[in-house]
Ligand SMILES: [Zn+2]
């Protein structure tokens, strides 16, 4: 189990990746995948616009990179971090990859569709992921709001 200090450091890194995504012209989301001790395997951000790929959400970009780097399609026991709650596509992908825990910052926006919450997707799977939300909520919310052009 990671301690709160390390969890917050990793959410801070997801924020840095979200800031880079904003600069690139992508959506304001960043992710990190670590091993079970919290050592970083990959860190990256949303690339939907720059890769012209609607599935290039931060969490999925990180899964692809981690699998490539580790030469496996099984990320059992690994941990995923994002500055915001995942959409159902990313939630499903993380569980299919075997990710054990998911830590995120701010919560899904009310208008977001498909409006299926992370915990709902987790509950629908036999071997559900453990979801930990609301880490550095205020700071992660500001980045998403600014990146969406709402500030
Ligand atoms: Zn997503």
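Read-outs throughout are calculated quantities, based only on the coordinates presented, and are distinct from any laboratory measurement. The structure displayed is predicted, hence computed values, not measured ones. Here Cβ is always computed from backbone atoms with ideal geometry, including for glycine, and neighbour counts include all displayed protein chains.
Quick look at the numbers
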{"quantity": "Shape box of region 1-89 [Cα atoms, principal axes, largest first, Å]", "calculated": "35, 29, 22"}
{"quantity": "Antiparallel DSSP beta bridges within the chain, percent to nearest 5", "calculated": "55 percent"}
{"quantity": "P(r), alpha carbons of region 39-104 - 10 Å bins starting at zero, rounded %", "calculated": "22, 60, 18, 0"}
{"quantity": "FRET efficiency, 1/(1 + (r/R0)^6) with R0 25 Å, evaluated for residue 9 and residue 145 via beta carbons", "calculated": "0.65"}
{"quantity": "Cα gyration tensor of region 84-146 - equivalent ellipsoid semi-axes, whole Å, descending", "calculated": "21, 13, 9"}
{"quantity": "Neighbour-count order for 95, 89, 1, fewest beta carbons within 10 angstrom listed first", "calculated": "1, 89, 95"}
{"quantity": "Over the chain, equivalent-ellipsoid semi-axes from the Cα gyration tensor in Å", "calculated": "21, 16, 16"}
{"quantity": "86, 76 arranged by Cβ crowding within 10 Å, fewest neighbours leading", "calculated": "76, 86"}
{"quantity": "Long-range tail of P(r) for region 1-41 (Cα pairs > 17 Å, %)", "calculated": "33 percent"}
